[in-house]
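Visitor: Please see the structure below; I have some questions.
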């Protein structure tokens, strides 16, 4: 990998998109949800990012049923994240946009990248995000009758209801500790 | 009768039969989820017109285990146990990008020896994965012999993996900051530590020599077989533009003539220290996809032989805190796995586990082109095309 080529690419992206950052070698641009499709058209045509890598979403919420809540309070929203890359160098761009949770909808990328089809179907079933103008927006993994969106932070994991957070019970104690634990439990 | 027939003036059968037009209806053929050629539980709903496929709809989810949700309720060291089981044919290779991502967020410098051990074992996972392909693909299109040879050859590589990690399929060998030491070897940060079993270098040399012989034999036995060539050449041609648009990566992309391999382009492991080639195909058909993978085994064996020659000494574990806490940040780390690009987008909020872990797997994108590749193909070619994509359902459904 050529370091100067990499910097040139980062600079050209950063001069085009104001809201961009490089964090831990990952170039990320944040755009408005209205210009989501246009951004991808620009990245594909002007920056030669023709390889559609993946698309997914994040549920930002302070009220987390399982797992760790964010340390600092966040504004509840859905963040849509896509990754485009090249097939002649290591360059890649993470694009991100935020949409409201009340009415989660965004334009589909299928007309720009056919490969977005399955990724958007997955985000639709896992988060309940509605992708407008998608040719075949139905569940990908889950059964048709399944209710709920599993990757939402408000979605509980039944196994964790039965067994608490693994950090507390995972470390095996010494044999004498076990006796104490079993006495407490009985 | 034979004497009266002029070869330049033969009646064309198709023209002769056109005179009657019959209204036909497409038939729906359900393939899977328990079909031997679907590598697990993939279901295809195919509409066929005689022998011709008019459309195919893959139905996924029979192997969906919800790893992205499960990762949110696990600590970082616990997630490696999960990711082993994504692509179970090359479990070791799945750990590398996740561990590298966590190390990047924690800004840990991994000792060189640990990186070499990771590299050697990743390449062994690649060889064992391609052995399975070299057995299963000919089997699916009717050649029974190669699977027996491939399984025997793969066993030598799995034995080596087992001798180091203790596991044949799910090693769970990588630790944040390094690799697992041999049992009873003492503190991991001391200067020299027993990490590889006795006789490992010698055994590896012997096994890699056997791999090189096996590749020669496969190229002769499978690639030189006329029936195999007829079944695979010019079948399922994938243009590189379509492959790029759908995120198809790994040997399938290279078979379509794109010279892209993260081992050369990226720096997640010290591959730049070794001399190896990237095999690429010309036509992007099933035969090229077979030939690229088979040539890759030879290159992987070459890398392993070079790596054990100049193996550095030193510690195998960097200094890490007792309780692994990853600072707040986001990163995407990817690696060239046997089946293609695998990557993890880690969003850390500073807790014991990731706030969100997006798992990008190769097989998911690789089989998303099935509806395009199979449209207009013949039904017997469906098995050849599916087999040449070399997917694992755990890698598709996660």
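Since every read-out is calculated from the coordinates, none of them should be taken as a lab result. The shown structure was predicted, so the numbers you read here are calculated from the model rather than taken from an experiment. With ideal geometry, Cβ positions are generated from the backbone for all residues, glycine too; neighbour counts draw on all protein chains shown.
Visitor: Please report, to one decimal in angstroms, the Kirkwood hydrodynamic radius of chain B built from all distinct Cα-Cα pairs.
Guide: 22.6
Visitor: Residue A:45 label point, 7 Å along Cα→Cβ, cut-off 18 Å on backbone N: hits in segment A:72-114?
Guide: Of the residues in segment A:72-114, A:108-114 have backbone N under 18 Å from the label point off residue A:45.
Visitor: Relative contact order for segment B:209-352: what is it in percent, counting Cα pairs under 8 Å that are at least 6 residues apart?
Guide: Averaging sequence separation for qualifying contacts and normalising by length gives 26 percent for segment B:209-352.
Visitor: Report the full-extension gain for the segment residue B:107 to residue B:23: residue separation times 0.36 nm, less the Cα-Cα distance, to one decimal in nm. Spell out each step's value before the answer.
Guide: Working: separation 84, 0.36 × 84 = 30.24 nm, distance 6.75 nm.
The span from residue B:107 to residue B:23 would gain 23.5 nm if fully extended.
Visitor: Here's another thing I want to ask about it. Please report the antiparallel percentage of the DSSP beta bridges confined to segment A:66-165, to the nearest 5. Can you show the working numbers first?
Guide: Values: 8 of 11 bridges.
Percent antiparallel among DSSP bridges in segment A:66-165 is about 75.
Visitor: Give me the extension gain from residue A:69 to residue A:154: residue separation times 0.36 nm, minus the current Cα-Cα distance, reported in nm with one decimal.
Guide: That works out to 29.5 nm of additional length.
Visitor: Taking only Cα atoms, what is the 0 to 90° angle, nearest 10, from helix B:200-218's long axis to the longest principal axis of chain B?
Guide: 10
Visitor: For an R0 of 30 angstrom, estimate the FRET efficiency from the Cβ-Cβ distance between residue A:16 and residue A:105 and round to the nearest 0.05.
Guide: 0.70
Visitor: OK, next. Take peptide B:68-76, look around each residue's Cβ out to 10 angstrom, count Cβ atoms belonging to other protein chains, and average those counts. Please list the in-between numbers first.
Guide: Working: counts 5, 8, 3, 1, 7, 10, 5, 5, 0.
Mean inter-chain Cβ contacts per residue within 10 Å come to 5.
Visitor: Using only the alpha carbon atoms of segment B:259-350, find the Kirkwood hydrodynamic radius as the inverse mean reciprocal pair distance, in angstroms to one decimal.
Guide: Across segment B:259-350, the inverse of the average 1/r is 16.3 Å.
Visitor: Where the eigenvalues come from the Cα gyration tensor of segment A:1-147, what are the semi-axes √(5λ) of the equivalent ellipsoid, largest first, in whole Å? Mind dumping the intermediate values first?
Guide: On the way: eigenvalues 150, 78, 37 Å².
In descending order the semi-axes read 27, 20, 14 Å.
Visitor: Ok, one more. Name the shape class, rounded, prolate or oblate, that the alpha-carbon gyration tensor gives for segment B:208-293, where a ≥ b ≥ c are the square roots of its eigenvalues, rounded holds for a/c under 1.5, and otherwise prolate holds if a/b is larger than b/c and oblate otherwise.
Guide: Because a/c hits 1.5 or more and a/b fails to exceed b/c, segment B:208-293 counts as oblate.
Visitor: Turning to a different aspect of this structure: With each label point set 7 Å from Cα along the Cα-Cβ vector, what nm distance links residue B:325 and residue B:30?
Guide: Result: 5.3 nm between the two label points.
Visitor: Provide the packing ranking of B:269-275, A:24-30, A:153-159, i.e. peptides ordered by the mean count of other C-beta atoms within 10 Å per residue, highest first.
Guide: With the highest mean Cβ count within 10 Å placed first, the list reads A:24-30, B:269-275, A:153-159.
Visitor: Expressed as an acute angle from 0 to 90° and rounded to the nearest 10, what is the orientation of the C-alpha long axis of helix B:91-106 relative to the principal long axis of chain B?
Guide: Helix B:91-106 and the main axis of chain B meet at about 50 degrees.
Visitor: What are the extents of the Cα atoms of the protein assembly as shown along their three principal axes, in Å, largest first?
Guide: The principal-axis extents, from largest down, are 97, 63, 61 Å.
Visitor: May I ask you to derive the relative contact order of segment B:298-368, considering only C-alpha pairs under 8 Å and at least 6 residues apart, and to give it as an integer percent? Numbers along the way, then the final one.
Guide: Details: 82 pairs, mean separation 16.2, N = 71.
Contact order relative to length: 23 percent.
Visitor: Is it possible to state the helix-based mean residue ellipticity at 222 nm for the protein assembly as shown, with each DSSP H run of 4+ residues giving -39500 (n - 2.57), the sum divided by total residues, to the nearest 500 deg cm²/dmol? What is it?
Guide: Numbers: 22 runs with 234 residues, N = 584.
Using -39500 (n - 2.57) per qualifying helix, the result is -12000 deg cm²/dmol.
Visitor: For chain B, what is the relative contact order in percent, using Cα pairs closer than 8 Å and at least 6 residues apart in sequence? Mind showing how you got there, number by number?
Guide: Numbers: 741 pairs, mean separation 100.4, N = 398.
For chain B, the relative contact order is 25 percent.
Visitor: Highest mean first, what order results for A:105-112, B:276-283, A:121-128 on Cβ atoms within 10 Å?
Guide: Numbers: A:105-112: 19.1, B:276-283: 16.9, A:121-128: 21.2.
Peptide ranking by packing, descending: A:121-128, A:105-112, B:276-283.
Visitor: Within the protein assembly as shown, what percent of beta bridges assigned by DSSP are antiparallel, to the nearest 5?
Guide: 90
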